[in-house]
1. At a probe radius of 1.4 Å, what is the per-residue accessible area of ARG249, in Å² to the nearest 10?
2. For segment 323-361 and segment 261-320, what is the separation of their Cα centres, given in Å?
3. Excluding same-chain residues fewer than 8 positions from LYS133, which lysines have a Cα within less than 17 Å of its Cα?
4. Expressed in nm², what is the orientationally averaged projection area of the convex hull enclosing the Cα positions of segment 231-376?
5. Could you estimate the translational diffusion coefficient of segment 120-166 from the Stokes-Einstein equation, with Rh from the Kirkwood formula over C-alpha pairs, at 25 °C and 0.890 mPa s, in whole µm²/s?
6. Report the percentage of all Cα-Cα pairs in segment 299-344 whose separation exceeds 12 Å, rounded to a whole percent.
7. Give me the lysines in straight-line cross-link reach of LYS240: C-alpha distance below 21 Å, same-chain residues under 8 apart excluded.
8. With just the Cα atoms of segment 329-385, tell me how far they stretch along each of the three principal axes, in Å, largest first.
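The values are calculated or read from the model by the stated rules, or taken from the named source; none is laboratory data. Note that the coordinates shown come from a computational prediction; the quantities given were computed from them, not determined experimentally. Here Cβ is always computed from backbone atoms with ideal geometry, including for glycine, and neighbour counts include all displayed protein chains. With ligands, DNA and RNA removed, areas are computed over all heavy atoms of the protein, side chains included. Shrake-Rupley method; radii C 1.70, N 1.55, O 1.52, S 1.80 Å.
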Amino acid sequence: MRRHSPFAMAVACLALAFPNAAGANLLQERSQRFHPVESSAGVVAAQEAQAAAVGAEILRRGGNAVDAAVATSFALAVTLPQAGNLGGGGFLLLWLPKRGPIRTCAAVTRGPELPQAISLGRGEAVALNFREKAPLAARADLFLNPDGTVNRQRALRSLLSTGVPGTVAGLTQVQRRYGCLSLAQVMQPAIDLAEQGVLVGPELSDSLQAAAPLLKADPTSRSQFFKPDGAPYLSGERLKQPLLARSLRCIAEQGARCFYSGPLAENLVALMQAQGGLISLEDLKRYQAPWMRPLQGELRGHPVLTMPPPSGGGATLLQLLKVLEPLQLQRSGLNSAATIHRMVEAMNLAYRDRNRLLGDPDQVAMPLDRLLSDRYADAQRRQIRLDRHRPAAELEAEVLPAQGGTNTTHLSVVDRDGGLVSTTTTLNTAYGNGISVPGAGFLLNNEMDDFTAKPGAPNAYGLRQGSQNAIAPERRPLSSMTPTLVFHADGRPLLATGSPGGSRIITTVLQVLLNRLVHGLNLASAVAETRIHSQLWPDQISTEQGLSPDTWRLLEQRGHQLRLRPAMGSANSAEVRYDAERLLGSWGVADPRRPDAAAAAERP
């Protein structure tokens, strides 16, 4: 009888126990651990499940991606008060078809052609800037103490920290031009949620308890978010917001006029006058949300559209893609020490430019053409040492040529026509400054802290910014929000993504795109993968759980300092499904880092 070695017998046993080891996938196991929600039509991915369900229902009723995004955004003002809002601002990027089969609504645009729109594939893309603005009475030294230091309490927790809100102007404007349904139709679910009560989930319950000292300091916020005896709402209980419901109904009936010159404007200005804020009725009447031409770049032949300034995120993202693509990260491997080192060195160079050179395009000149040129990317790439980290002090010491929120929320939508919306809105930090408008039931932002209170002094996210972003009347503060759309080379829509996370938004979006398009992960795996972040100052790599001790040690050997940080961002994303070139539906991914997030599929 032929004798078999113990090794051969062990291999044979493994082959029986694990058929994949023998080459055949008899158990039909998937190649990746994470999988997106699949839909035969549209999908909404958002940071809170009840709001995502609202958007999916709007799609089912015949709404397009814009209708669903607007409905979900207003619902998030009810279900995710730490970030969803009426009293904040944000950015939105959309692509909708104009030719070929359209199943949502035939008239997908209203009014004359927008000169800012980009024709791509069989449709058009455009960006909307509804970022907050500094009040007319704002001044550069608004947050400085007599000794020249920054007063962080004033910058984050007072009414002086509130910029003129843009959310209501932006959402009503995009819905009026591009939506299929009426504003009243898309807002009714949010009104119902506020009146009937939202089911408090674990994330909101924990968030309200953590924010209790902030919210209870304001009488209106205390009555809105806590029980009459001051007790918090627990997971599974219902939170009703009747004042917010009344405000939402007013907007549904009157549009933006309610907020900027009507009853809500009066409530907001009365609060400002009573407690020393700066926003006036004139500030509100002058507010406008401009259409903007998206910035356009490319990754591995895929057109990438993203936000222009005053989002510093879009330009920084495109810089990073242009610098990193020739470095062949797929060869060095996903999250290997070599790949992370290259990414971090590129991040530091890009953040140096963001912090020094970018600002509000209405008031400051920026060298965008130079920053996004191939020549500049080549020069940046040559500064990367493949074997050693360049300290931040060394980079900061270089002389450049003279030039003339952690709590935000992101949602992505795909509709049945492949229409895309990516939108990020914010109050800045969780619950903004914690102050709610009496009689109106909505929280106010503290976005004025996103300005440079003092050149070189860090803001709430540790960013050290320059005079380009100084406080000035009617200026919009520089932002990291980075709503992004990606397309196939022939112009067919591919995916929408973005994230909250303050200064980490840009690197979160970068890694989702690299994971999906360079490393070949499906969208769910691309979103779930471990993230790292670096922004020049502080001079360190922030990392989530998931890097191996070996990788950590190899990075330290190259001169890096690493710090373990909480989970980064919430990159709720959506992708269009195809069979060859035929549209089949969509995939949605809710970032698992936020327990209340969900991707909701449009149901027949």
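1. That residue has around 80 Å² of solvent-accessible surface.
2. Computed from Cα coordinates, the inter-centre distance equals 26 Å.
3. Filter leaves LYS285.
4. 15.3 nm²
5. Values: Rh = 13.3 Å.
Estimated diffusion coefficient is 184 µm²/s.
6. Working: 672 of 1035 pairs.
Looking at segment 299-344, the distances longer than 12 Å represent 65 percent of pairs.
7. LYS240 reaches LYS216, LYS227.
8. Over segment 329-385, Cα extents along the principal axes are 42, 19, 18 Å.
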